[in-house]
1. At what distance in nm do the modelled label points of GLN47 and ILE4 sit from each other, each positioned 7 Å from its Cα along Cα→Cβ?
2. Listed highest first by mean packing, meaning other Cβ atoms within 10 Å per residue, what order do 27-33, 57-63, 45-51 come in?
Amino acid sequence: MQAILQDLFPGVEIPEHDYGRFQEEIENVILSKRLQVVPQQVMKVIQLYETMLVRHGVMLVGPTGSGKTTVYQVLSVITTTTTTTTTTTNNNKVFVAANNSQQNIAIVFTGWAKKSKPT
């Protein structure tokens, strides 16, 4: 986001956004999961949340061990403490419904296996 704003308004210094209570909640959830708070991962949770507010569909993509599952689990805990429902199934599908007066957010995460190419 910073890069886009700097392109639109060259020479203007854009202050960092203070996420305050939201960031504290993210860090508390990470610590409650007995994980180390890593600033880059906290930012990824914030970015996922902000992206979900403005996009109809969001996909988390990355290599194994990059933190995709942790990011959505942390966000699901935060959204469910202030909103409605989280459901997890055995085949790695997660549904989070967040309802408030301004928006409805639904997140579905599904794991899939890489299929080999036919010979």
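1. 1.3 nm
2. Ranking the peptides 27-33, 57-63, 45-51 by packing returns 45-51, 27-33, 57-63.
Each value in this text was obtained by applying a stated rule to the coordinates, not by laboratory testing. The structure presented is a predicted model; accordingly, all values stated were derived computationally and were not measured. Glycine also receives a Cβ, built like all others from the backbone with ideal geometry; neighbour counts cover every protein chain displayed.
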